1. Just the residues that are of a type in the set (A, V, I, L, M) and either surrounded by 10 or more Cβ atoms within 10 Å (Cβ to Cβ) or under 13 Å from the mean Cα position of the chain (by Cα) (or both), please, taken from segment 1-21.
2. Yes or no: Y55 at pLDDT 95 or above and of a type in the set (F, W, Y)?
3. Restricting attention to segment 22-48, and to residues there that are over 13 Å from the mean Cα position of the chain (by Cα) and without any contact (Cβ under 8 Å) to a residue 24 or more places away in the chain, which single residue is farthest from R2 (Cα to Cα)?
4. Among the residues of segment 23-66, write down those that are part of a loop (DSSP other than H, G, I, E, B), of a type in the set (D, E) and exposed (fewer than 10 other Cβ atoms within 10 Å of the Cβ).
5. Do we find that T50 is among the β-branched types (V, I, T) and touching a strand residue (DSSP E or B) at 6+ places or on another chain (Cβ under 9 Å) in this structure?
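The values are calculated or read from the model by the stated rules, or taken from the named source; none is laboratory data. Source: prediction; values computed, not measured. Neighbour counts run over all protein chains shown; Cβ positions are idealised from the backbone, glycine included.
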Amino acid sequence: MRNLIVSLEKLPQTVLEAIQSAYPHGYDHLTFEFEHPVKEEIYTALRFATEEVNYVIKLDSREKNIDRLYDGG
């Protein structure tokens, strides 16, 4: 089985439809975050498996900014 990390916008329509069918009420409670070590970004993602591929689907990203942890104080 293949493992892919892919953006939501780049998923095939059949996979998008399968996600909608599997989670008709949303999937917010299934998301997680991971850090891209080279790009210094943090992604919110969803795991989803088909018969052929295990997907990690990037839903959103934000810049990793360590300075924010120390602001205010």
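1. Within segment 1-21, L4, I5, V6, L8, L11, V15, L16, A18, I19 meet the criteria.
2. Details: at pLDDT 95 or above: yes; of a type in the set (F, W, Y): yes.
Yes; evaluated as a whole, the condition is true for this residue.
3. H25
4. Taking segment 23-66 and keeping what is part of a loop (DSSP other than H, G, I, E, B), we get 23-27, 31, 37-40, 50-52, 64-66.
Retained after the next criterion (residues that are of a type in the set (D, E)): 40, 51-52.
Within segment 23-66, E51, E52 qualify.
5. Details: among the β-branched types (V, I, T): yes; touching a strand residue (DSSP E or B) at 6+ places or on another chain (Cβ under 9 Å): no.
The answer is no for T50.
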